[in-house]
Amino acid sequence: MKRFIFSAVTLVLLLSGSLSPTAYSQTSANGSKVAARASSAVKLALPLKEGSVKFAVIGDTGTGSDKQQDLADVMVRYHGAFPFEFVLMMGDNLYGGESATDFEAKFSEPYKQLLAQNVKFYATLGNHDMALQTNYVNFNMNGKEYYRIKKGNVAFYSLNSNYMDKKQVEWLEGELAKDTSEWKVAFMHHPPYSSGGKHGSDKQLREVVEPIFVKYGVNVVLTGHDHFYERIVPQKGIYYFVSGAGGKLRSGDIKKGTGLTAKGYDRDMSFMLFEVVNGKQMHFQTISRTGETIDSGVLLNQRAKP
């Protein structure tokens, strides 16, 4: 993880929220075929229950590219049909510079329609991110490199997988030990399990966090880093996902024959939607930059009583 010094101007903007966006009119992406397909009617594979916990997942977004904007526009369309309350960010939130103009171009501009509709973003830090991102109001980290939030019957743990030190591990164990939530979801940048050819499974990280996840009943682990989508075959009873194609794509990077891939997609960028309807079922849907559903299903709570 990068640790540099912000300019005074940038830090003031981070703390004050002056980088926060305003509403704007959605425009098509140069009349391209991608834009045409993305403007078609959404196709939900989610139950859309009243009172459920609805959220989205994006990873490795911070490029400021036209394709990132394409995907963000699809997210806006799906939000119209499926009003998710918040978005979890899997890290690498900003590539390259992190000046005020970078925050604008790589985050608040692509997602300003969602932000204008009061959708909250909760970030975790990736290896390309500066630690002072924790002070940016629209990342909702409140100055912390790891933290817990509660939404309905779901507890979410944002972890700093760049430095899984003793202090963080002790905090995680302490929080999980007293957590009585029906669902426990961890999200971080580096994947304990991945079929990526460029990066793949972070085995050193897995040795640290997996025993904790198993011991305290973590249900779902969401990650990024590898620039594709992968749903992992459940490992030790835990559901793992890689969603790292929110702003970059590493085409053809999912290795075959790893035995890990339940479903993989590395042909275009993507994001995820989740809906927790009760203590027993969590629904998910993965959507491409063209608005097509590339994966969907239902996760059954491993700890739920019959």
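The values are calculated or read from the model by the stated rules, or taken from the named source; none is laboratory data. In this text, all values refer to a predicted model and were calculated from it rather than measured experimentally. So basically every Cβ, Gly included, is an ideal-geometry build from the backbone, and we count neighbours across all protein chains shown.
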Quick one: which of 88, 71 is crowded, with 18+ Cβ neighbours inside 10 Å, in a helix (DSSP H, G or I), of a type outside the set (Val, Ile, Thr) and modelled with pLDDT of 95 or more? 71
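Check 219, 278 and return the single one that is surrounded by 23 or more Cβ atoms within 10 Å (Cβ to Cβ) and either at pLDDT below 95 or farther than 22 Å from residue 71 by Cβ (or both). Break it down stepwise before answering.
Numbers: 278 fails: surrounded by 23 or more Cβ atoms within 10 Å (Cβ to Cβ).
The unique qualifying residue is 219.
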Just checking, does region 26-34 include any residue being modelled with pLDDT under 90, under 20 Å from the mean Cα position of the chain (by Cα), hydrophobic (A, V, I, L, M, F, W, C) and surrounded by 13 or more Cβ atoms within 10 Å (Cβ to Cβ)? no
Pairing a residue in region 193-204 that is under 12 Å from residue 261 (Cα atoms) with any residue that is of a type in the set (Ser, Thr, Tyr) and surrounded by fewer than 23 Cβ atoms within 10 Å (Cβ to Cβ), where Cβ atoms lie under 7 Å and the two sit 6 or more apart in sequence or on different chains, gives 193/201; 194/201; 195/258; 195/261
Of the residues in region 120-132 that are modelled with pLDDT of 95 or more and closer than 19 Å to residue 60 by Cβ, the one that is surrounded by the most Cβ atoms within 10 Å (Cβ to Cβ) is 124
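Output yes when any residue across region 185-195 is aromatic (Phe, Trp, Tyr) and within 22 Å of residue 75 (Cβ to Cβ), and no when none is. Lay out the reasoning, then the answer.
Within region 185-195, the first condition is being aromatic (Phe, Trp, Tyr), and the residues that meet it are 187, 193.
Keeping just the survivors that are within 22 Å of residue 75 (Cβ to Cβ) gives 187.
Yes, region 185-195 has at least one match.
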Residues of region 225-254 satisfying the condition of being outside any strand (DSSP E or B) and either surrounded by fewer than 23 Cβ atoms within 10 Å (Cβ to Cβ) or among the hydroxyl-bearing types (Ser, Thr, Tyr) (or both): 233, 234, 236, 237, 248, 249, 250, 251, 252, 253
